[in-house]
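*Asks:* Would you mind keeping the following structure in view while I ask a few things?
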Amino acid sequence: MFSGTIHTRERLGFGRGLEDKVTAITVFERGPAVQRPSVSAGAVAKLWGLSEIQVGDRIGEAGADVSDHHFSPPTLESVVVAGDPDDRARLRVALGQLAEQDPLIDVRQDDSRHELSVSLYGEVQKEVIQATLANEFGLEVTFRKTTPIHIERPIGSGEAIEILHAESNPFLATIGLHIEPAPDGSGVEVRLQVDARAVPLYLYKTLDRFSERMGQYVRQTLREGLFGWQVTDCIVTMTKCTYSVPDGPPSRRGPLSTAADFRKLTPLVLMQALARARTVVCEPIVRASVEIPTGVIGAVMAALARLDATVETPSLQGTLSTIETVLPAAQAQSFQQQLPGLTGGEGVLDSSFAGYQPVSGDQPTRR
C-alpha cells in the first residue's frame, strides 16, 4: 500500500476500469499474515474478492506522488511438454488460465511443431509453473531447455502499398504503410496520415476507432518479424487508405469492403514494408552486481570474460570485492550456476534487466 486505506467490504477500482468488492484482508505483521478489517499505507497485505485482477494491475487511483511501477519483460522461454500426449489440449487451456492471471507468462503456440512455450524470468519459475499445473490442474509436465527471448528492431525505413483491384491484392481495400525506427524502449507507435473521407467510417464509426483497430492489426502482425521475433521500437504510419463501394467511381467500384478486408490486408502490406526496412535481432541483457571473496576475483573475472560480459573495474573492500558487469541474459543464467563453485558458495549475484543489444554474427531465428 502506497497511500490511503482499504477496508473489508469496500468496492475497489483496479486495472482496466474494473471494480469488485474486497471480501477479506490479511496483513503481514512480524511474520505470518493476520486477518484484519483494513490495511493502510506502508503495509503489505493479501486481499480476497478481486476475481478479475491480473498481475501488474494498479489498485485505486494514481496520485501525483506515486511513481509508475512496472515489471521488466521476461527474457527467457521454454517449451512445456505434457507427460501424457493426450493431455495436450488440457495443457493449452490450463496455461491459458495461468496467463490470464499473469499476462507476463505469455503462452505461445507453434502449430507447425505442435508445441507450447511460456515466457520465464528464471529456472525457479519453471518449478512454480510445474507445481501449479500438477496441483491445480492434475497435469504432469516437463520443460525443455531454456532459451532467450530476442526482439527485432527496424534498421531503416520501408514502405509498401497494396491497391484495390490490383492483381496482387486479394482484398477489397487499399492500404499503404510506412515503417521506421523509433527510440529504444519506445514500443510500437501507429499513426494515420490519410484523409478521413477515405476511411470506411460505416464500419468503424469514428476515426479514433479506426486508428485503434489499425493499431491492433499492426501490433498483432509485429508479434513475428523477419526472423520470427517480436518487432518493437518502431513507428508505423498509414499513408494510403481506400475502400470499395457498389456505386463508387470505377477505381473503387465493387462489393462493399468489410473489416476483414482491412484486418487481413494489413499483415501483407506491413511485412512487405518491414522487409524493405530490414531488421536486426537484439538479445536481452542484464546489469549484475557480484559480491565475492577477494581471493577468487581472478577466477570470476575469467568466467565473465568467457561469457562475453562487459566488466567494470572491480571495487576492492578488504576480504570482499564487488564486480559490476553487463552481460546477455542467457549468459547470466549460466554465470549464476557457476558462481557457487567459483566462490566456495560465498558469491552473491544481484541482477536487473538492462534492455536489449544487437546480436553480433548470425541472427538467431524462431519459427
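*Asks:* Compare Gly42, Gly138, Gly96 in a GNM of the chain, Cα atoms joined below 10 Å, and give the one with the largest fluctuation.
*Replies:* Among Gly42, Gly138, Gly96, the largest GNM mean-square fluctuation belongs to Gly42.
*Asks:* What length, rounded to one decimal in nm, is gained on full extension from Asp86 through to Glu10, with 0.36 nm per residue of separation minus their alpha-carbon distance?
*Replies:* Extra length from Asp86 to Glu10 when fully extended: 22.9 nm.
*Asks:* Using Cα pairs under 8 angstrom and six or more residues apart, how large is the relative contact order of the chain, in percent?
*Replies:* Values: 708 pairs, mean separation 50.5, N = 367.
Computed over the chain, the figure is 14 percent.
*Asks:* For Ile155 and Thr239, compute 0.36 nm times the residue count separating them, minus their Cα-Cα distance, and round to one decimal in nm. Mind showing how you got there, number by number?
*Replies:* Numbers: separation 84, 0.36 × 84 = 30.24 nm, distance 2.01 nm.
Gain on extension, Ile155 to Thr239, equals 28.2 nm.
*Asks:* Right, something else. Once you put a point 7 Å from the Cα of Phe2 and another 7 Å from the Cα of Tyr202, both along the Cβ direction, what distance in nm separates them?
*Replies:* 4.8
*Asks:* Another question about this same structure. Taking the chain as a Gaussian network, where each spring joins two C-alpha atoms under 10 Å apart, which residue of Ala305, Ala99, Ala330 fluctuates the most?
*Replies:* Taking springs between Cα atoms under 10 Å, the residue moving most is Ala305.
*Asks:* Suppose R0 equals 35 Å. What FRET efficiency, 1/(1 + (r/R0)^6) with r the Cβ-Cβ distance, do Ala260 and Thr146 give to the nearest 0.05?
*Replies:* Plugging the Cβ-Cβ distance into 1/(1 + (r/R0)^6) gives 0.35.
*Asks:* Let me ask another. Along the Cα→Cβ direction, 7 angstrom out, place labels at Thr294 and Ser251. What is the inter-label distance in nm?
*Replies:* Distance between the two pseudo-spin positions: 7.8 nm.
*Asks:* Follow-up question, since we're still on this one. If you take the Cα Rg of the chain and divide it by 2.2 N^0.38 Å, with N the number of residues, what do you get?
*Replies:* Cα-based Rg divided by the globular estimate yields 1.23.
*Asks:* Work through the residues other than Leu18 whose Cβ is under 9 Å from its Cβ and net out their charges, Lys, Arg +1 and Asp, Glu -1. Please list the in-between numbers first.
*Replies:* Working: positive: Arg16; negative: Glu19, Asp20, Glu52, Asp57.
Local charge sum for Leu18: -3.
*Asks:* Roughly how large, in nm² to one decimal, is the mean projection of the convex hull of the alpha-carbon atoms in region 80-220?
*Replies:* Average of the hull's projected areas for region 80-220 equals 12.5 nm².
*Asks:* Which percentage, to the nearest 5, of the DSSP beta bridges contained in the chain is antiparallel?
*Replies:* If I count the DSSP bridges inside the chain, around 90 percent turn out antiparallel.
*Asks:* Is region 1-99 rounded, prolate or oblate when judged by the Cα gyration tensor, a ≥ b ≥ c being the square roots of its eigenvalues, rounded requiring a/c under 1.5 and prolate requiring a/b larger than b/c?
*Replies:* On the way: a/c = 2.18, a/b = 1.83, b/c = 1.19.
Cα axes put region 1-99 in the prolate bin.
*Asks:* Determine the relative contact order of region 220-260: mean sequence separation of Cα pairs under 8 Å and six or more apart, normalised by residue count, in whole percent.
*Replies:* Worked out over region 220-260, it gives 22 percent.
*Asks:* Pull up the cross-link candidates among the lysines for Lys21, meaning alpha carbon to alpha carbon under 16 Å and not fewer than 8 places away within one chain.
*Replies:* Lys46
*Asks:* Hey, in the GNM for the chain with a 10 angstrom Cα cutoff, which one of His150, His178, His114 fluctuates hardest?
*Replies:* Comparing His150, His178, His114 in a Gaussian network model of the chain, the most mobile one is His114.
All of the numbers you see were taken from the coordinates with simple rules; none came from a lab. Everything quoted here is computed from the prediction, not taken from an experiment. Counting neighbours? That spans all protein chains shown, and the Cβs are built from the backbone with ideal geometry, glycine included.
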